[in-house]
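Below is one structure, written out as structure tokens; the observations come after it.
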Amino acid sequence: MFELFKSKKKPTRAKILIVDDEPDYANTIQCRLEWYHYKVTTAANGKEALEKAADEKPDLILLDTSMPVMSGHEMLERLRKHPDLKNIPVIMVTVLCEPQDIATASSYGIADYVVKPFDFTELIEKIANALENKKTLSNV
């Protein structure tokens, strides 16, 4: 665990949008990501997240599935149809772990899927991988 802190990479200013209706969860993840020099914004539902994504153009979205107003799957569907937002990598972060839940999210071309509760080191690695893949694809 302490190796993660020792091997902290160069600061990044990548923008991450956390979409979750549980404020304590979102705030905890936000604080931890900011420690890694990510610029973080939060939204409490899919509708709010789409508006923030359109305004702020995040580099990556961490998206919960079960939320009021607009679910994560509905948001993901709309995100993928939006010309300016469709290529933003999305990592689903949810308590839903049934194969059909993962298959539904995967059908929208997500970058990864993380089941709550999760190991924060794993999440950081998945974020770094998704951002690196985005960078590689945009250079092609």
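Table: residues versus (1) touching a Lys or Arg at 6+ places or on another chain (Cβ under 9 Å); (2) assigned to a loop (DSSP other than H, G, I, E, B).
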| site | (1), (2) |
| --- | --- |
| Thr65 | no, yes |
| Pro68 | no, yes |
| Met75 | yes, no |
| Arg80 | yes, no |
| Pro83 | no, yes |
| Asn87 | yes, yes |
| Met92 | no, no |
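Mind checking which residues of the stretch 97-111 are without any contact (Cβ under 8 Å) to a residue 12 or more places away in the chain and surrounded by 12 or more Cβ atoms within 10 Å (Cβ to Cβ)? Correct list: Ile102, Ser106, Ser107. Taking the criterion of being under 14 Å from the mean Cα position of the chain (by Cα), over 15 Å from Ala105 (Cβ atoms) and touching a residue at least 12 places away in the same chain (Cβ under 8 Å), the residues of the stretch 61-88 that qualify are Leu85, Asn87.
Scanning the stretch 44-55 for residues that are in a helix (DSSP H, G or I) and either under 20 Å from Pro23 (Cα atoms) or at pLDDT below 95 (or both) turns up Gly46, Lys47, Glu48, Ala49, Leu50, Glu51, Lys52, Ala53.
Being modelled with pLDDT under 95, among the acidic types (Asp, Glu) and either under 18 Å from Lys126 (Cβ atoms) or touching an Asp or Glu at 6+ places or on another chain (Cβ under 7 Å) (or both): is that true of Asp24 here? So Asp24 fails the test. Checked against (1) over 15 Å from the mean Cα position of the chain (by Cα); (2) without any contact (Cβ under 8 Å) to a residue 40 or more places away in the chain, Thr94 passes all but condition (1). Here Lys86 passes the criteria (1) loosely packed, with under 12 Cβ neighbours inside 10 Å; (2) among the charged types (D, E, K, R); (3) closer than 23 Å to Tyr38 by Cβ except the one numbered (1).
If you filter the stretch 112-135 down to residues that are of a type in the set (Val, Ile, Thr) and in a helix (DSSP H, G or I), you find that the one that is surrounded by the most Cβ atoms within 10 Å (Cβ to Cβ) is Ile127.
The values are calculated or read from the model by the stated rules, or taken from the named source; none is laboratory data. Since we're looking at a predicted model, the values are computed, not measured. Glycine also receives a Cβ, built like all others from the backbone with ideal geometry; neighbour counts cover every protein chain displayed.
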